[in-house]
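Structure, as structure tokens:
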Amino acid sequence: MTPEMILINGRVLTMDDGTPRAEALAVAAGKIAAVGSTAEIAAMAGPQTRVIDAGGRSVLPGFVESHLHLVLGGAELAHLQLHGEGGLASMQAAFGAYAAANPDKPLLMAQGADYAMLDHPVSRHDMDAILADRPIAMTAHDHHTVWANTAALRAAGILHGFATPPGHEVVMGDDGLATGELREFEAFAPVVALGGEARLYFGIATGGEPDPWPSEAERAMDKEKIARGLAHCAAHGITSMVNMDGNRYTLALLAEMRDEGRLTARVKVPFHFKPHMELDALDRADAMSAEFDDDWLSCGFVKLFMDGVIDSGTAYMLHDYPGQQGHRSVPLFPPERFNRIATEIDRRGLQIAVHAIGDGAVRTVIDGYAAARAANGPRDSRHRVEHIELIDRADVPRLGALGIVASLQPPHPPGAMEFPLQPTLDVIGKARWRDGYLWKTLADHGAPIAYASDWPVTDVSVLRGLQASQTRVPYGADCTDERLGLLDSLYAYTAGGAWAAHMEGLTGRLRPGLAADIVVLDGDIEAIPADQLGKTAVSLTICGGRITHQGPGFA
């Protein structure tokens, strides 16, 4: 078959052991037709073949984003971005300019706030000082806390409190009114709803579906937000993604976009199992997995949250938080119940992915996976633990032994990228720094590694994440260097991510017969200094043989 496209004169890193390096490749019918030298591939061209000269640039498999929130990220591109802002005056200026530019928005929502933006815990009074006459709110960089002003709390109907499930909290003050701090998704959902985006949060907040089913016009609005997110991801070389929240509505929107020719990446969407659900809710996971199962859109897995985050003290720990005697937080699923849930999900042949940040949460998840294997027998499950920010040393070898995927985010360690060192390091406590973000240690003990950003929690840029992975430094003299090498890190962003998502037969490597999912970088990735990787542009993104992003100046 004459190829429709050939790419020549590249520095091709295939991530395939059989042919790890090449100069060129050919694409036919959306798949890789051949990989080889420029002379070999150029000889395959016909009169209609498009020839792309990589000009010595690095060519890799399209990046696999192993943990993001596509719909939320697409929506948040239109929000105020506070990354790097600090101090009351700076936030007043940012919100003031955003308010002036958006006079009709019912909610002025900001993203990228950090827990140390002010020299004291943020309250509604601080938010009122920023802007009092319109509802405003800002989301913490980890997306587990929102701070709202009085106008927003009143408009959302939660100024006097709001009943939430365990692990979610509208923090109340001594005056009997909400302080403005809203912890976890179901606590801040009423505020988010003010901005007209409530139905986009069902997948992460409740696991339910919008009722009534959104109209064609409403779906069109939501699809535009997804389209912005997809274009943003394509500009960063992403061709496959694991969306870590979702419901049938998310899949239905993506299916409509697929049928309209607007789906520019392969997307996996989970059934989100929440603590209030009973085991028969997993029938919905089975139904979603049966209904959506092709090369572009699939389910096949269940997502859960076991705990919250370190900075707000909601990560579940094995030991007391420093200076907080008796406080370890709690698991969102008691261990015995999680064992039963994991066993049932595994029995149904579905993959499991669990958010677990504290070492207590990580152990609870590993124990649950071990219980599932003991009950059902071993299988190629590839169950995952998402984040693993703290882990007890005794649990490190258990991931490799049980075949558990460590799904990790290079931008997350404090100081590596946007997340500041404080207050996180103080909340962890110096005695535990040596047990934080142990990625090389996990890999050395046999855990399969997949890298991701958790966008919009952090920048979706794979290359900025790669820089973070190569430049992070130990926090103390007793901490080990936890960096994986450049090629191992690229593997975790490509073939490793594909394997973790059960997609290795489709994508993740540049091998004949696999999908033509390709990224061309503006430079030689192996020659770029580590501290400059994040400045490297993506010249070209190809998904399924279709160009989804072309950088300026690259023909």
Exercise. Looking at segment 164-171, is at least one residue surrounded by fewer than 24 Cβ atoms within 10 Å (Cβ to Cβ) and hydrophobic (A, V, I, L, M, F, W, C)?
Worked result: yes
Exercise. Filtering segment 113-128 down to residues that are at pLDDT 90 or above and out of contact with any helix residue (DSSP H, G or I) (no Cβ under 9 Å at 6 or more places or on another chain), which residue is farthest from PRO456 (Cα to Cα)?
Worked result: SER123
For this session: Just one of (1) without any contact (Cβ under 8 Å) to a residue 60 or more places away in the chain; (2) surrounded by fewer than 13 Cβ atoms within 10 Å (Cβ to Cβ) trips up GLY84, so point out which.
Result: (1)
Problem set entry | For LEU153: the one exception among (1) free of Cβ contacts under 8 Å to residues at least 12 places away in the same chain; (2) surrounded by 17 or more Cβ atoms within 10 Å (Cβ to Cβ) | (1)
For this session: Check whether at least one residue in segment 34-56 is within 28 Å of ALA227 (Cα to Cα) and among the small types (Gly, Ala, Ser), and report yes or no.
Result: yes
Problem set entry | Boolean, LEU506 is out of contact with any Gly (no Cβ under 7 Å at 6 or more places or on another chain) and assigned by TED's automatic domain parsing to the domain that holds THR14 | no
Problem set entry | TRP213, sole failed condition from (1) of a type outside the set (Lys, Arg); (2) closer than 18 Å to ALA78 by Cβ; (3) surrounded by fewer than 22 Cβ atoms within 10 Å (Cβ to Cβ) | (2)
For this session: Please list, ordered by first then second residue, the pairs with beta carbon atoms under 8 Å, 6 or more apart or interchain, first in segment 64-78 and without any contact (Cβ under 8 Å) to a residue 60 or more places away in the chain, second crowded, with 24+ Cβ neighbours inside 10 Å and of a type in the set (Gly, Ala, Ser).
Result: none
Seminar exercise, completed: Considering segment 49-78, residues that are in contact with a helix residue (DSSP H, G or I) (Cβ under 6 Å, 6 or more places away or on another chain) and part of a strand (DSSP E or B), and then whichever is farthest from GLU197 (Cα to Cα), we arrive at PHE63
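Residue by residue, here is whether (1) modelled with pLDDT of 95 or more; (2) among the hydrophobic types (A, V, I, L, M, F, W, C) holds:
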residue	(1), (2)
ALA34	yes, yes
GLU40	yes, no
MET44	yes, yes
VAL51	yes, yes
ALA54	yes, yes
HIS67	yes, no
LEU70	yes, yes
GLN81	no, no
For this session: Name, by its number, the condition in (1) modelled with pLDDT under 95; (2) farther than 16 Å from PHE185 by Cβ that does not hold for GLY246.
Result: (2)
Seminar exercise, completed: Going through segment 20-37 in order, the residues found to be under 21 Å from ILE525 (Cα atoms), outside any strand (DSSP E or B) and in contact with a Gly (Cβ under 8 Å, 6 or more places away or on another chain) are GLU23
Problem set entry | Selection status of THR541, closer than 22 Å to ASP294 by Cβ, touching a residue at least 40 places away in the same chain (Cβ under 8 Å) and within 23 Å of the chain's Cα centre (by Cα) | yes
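The values are calculated or read from the model by the stated rules, or taken from the named source; none is laboratory data. None of these values were measured; they are calculated from a predicted model. Ideal geometry is used to build each Cβ from the backbone, glycine not excepted, and the neighbour counts take in all protein chains shown.
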